[in-house]
Amino acid sequence: MLHERIKSSTTEDHKNAERHSYGKEIMSRSLTKAQYAQLLIANYRYIAEWEKQWDLPLDINIEALQLEQRSKTTLLENDLKALGIEPDTITTSSLEAPSNLAQFLGRMYVIEGSTLGGAMIEKQLQFNPNLTGCSFEFYGGYGQKLIPFWKSFLAQLNTVEHPQEQEEAIDWARKCFKEMESCFIKAKSMNLNS
């Protein structure tokens, strides 16, 4: 199954991206508002551009993938605005557009997987005294729909069976992790007031 292959093939890429996303600060509940803003900006740069690509004329079953319900750009915009940051002042990433379903699902695997992790992150953010009054819509993700959405995505991912297409999906997942890592590194270099 592609799910297992993609997971094992991207382990190192996943760790490298996580290394730059303030994991220790999140788990110790010491993340500052400035660091939280950097995380939101990094995610917005990537996800806003990625979601624009959903309108490309690809052979994708939008209904089966529930894309409309999976959109996260508005959630990020709401969280950024709550911090006094206008989303239209943020430059989004320049991303290569997928040209087929395998590539699309490879990138989507990373974003959907991060939504799973976001549920755990949200709990830590809620109890962080530095973030009182902040909005956590993005990390709250799908709420009660989280596990059903993950399972329905995996069902779609696992429809990719041709070995060459599976390799393409894996390559795009690896690329997505690297692109996200770059977004985190750039955002961490920003000087924001805490």
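The values are calculated or read from the model by the stated rules, or taken from the named source; none is laboratory data. Here the structure is a predicted model, which means the values were calculated and not measured. Virtual Cβ from ideal backbone geometry, glycine too; neighbours counted across all protein chains shown.
If the requirement is being β-branched (Val, Ile, Thr) and more than 20 Å from residue 63 (Cβ to Cβ), which of these qualifies: 170, 111? So that I can check it myself, show each step before the final result.
Numbers: 111 fails: more than 20 Å from residue 63 (Cβ to Cβ).
Exactly one of 170, 111 is β-branched (Val, Ile, Thr) and more than 20 Å from residue 63 (Cβ to Cβ), namely 170.
For residues in the stretch 95-113 being not in a helix (DSSP H, G or I) and not charged (D, E, K, R), which is surrounded by the fewest Cβ atoms within 10 Å (Cβ to Cβ)? I'd like the intermediate steps shown before the answer.
Of the residues in the stretch 95-113, the ones not in a helix (DSSP H, G or I) are 95-100.
Pick out the ones that are also not charged (D, E, K, R) and you get 95, 97-100.
Values: 95: 16, 97: 13, 98: 21, 99: 11, 100: 16.
Among those that are not in a helix (DSSP H, G or I) and not charged (D, E, K, R), it is 99.
If you filter the stretch 114-152 down to residues that are more than 20 Å from residue 79 (Cα to Cα) and without any contact (Cβ under 8 Å) to a residue 40 or more places away in the chain, you find that the one that is surrounded by the most Cβ atoms within 10 Å (Cβ to Cβ) is 150. Whether a residue is at pLDDT 95 or above and surrounded by fewer than 17 Cβ atoms within 10 Å (Cβ to Cβ) was assessed, and residue 78 passes this test. Candidates in the stretch 1-52 are the residues that are hydroxyl-bearing (Ser, Thr, Tyr), closer than 29 Å to residue 84 by Cβ and part of a helix (DSSP H, G or I); of these, the one that is farthest from the chain's Cα centre (by Cα) is 36.
Only one of the numbered conditions (1) buried (at least 20 other Cβ atoms within 10 Å of the Cβ); (2) out of contact with any Asp or Glu (no Cβ under 8 Å at 6 or more places or on another chain); (3) over 13 Å from residue 21 (Cα atoms); (4) of a type in the set (Gly, Ala, Ser) is violated by residue 187, and that is (3).
Just checking, which of 94, 99 is closer than 21 Å to residue 160 by Cα, among the small types (Gly, Ala, Ser) and out of contact with any Lys or Arg (no Cβ under 8 Å at 6 or more places or on another chain)? Spell out how you get there, then give the answer.
Numbers: 94 fails: closer than 21 Å to residue 160 by Cα.
That would be 99, the only listed residue that is closer than 21 Å to residue 160 by Cα, among the small types (Gly, Ala, Ser) and out of contact with any Lys or Arg (no Cβ under 8 Å at 6 or more places or on another chain).
The residue that is nearest to residue 133 (Cα to Cα), counting only those in the stretch 53-73 that are free of Cβ contacts under 8 Å to residues at least 12 places away in the same chain and part of a helix (DSSP H, G or I), is 68.
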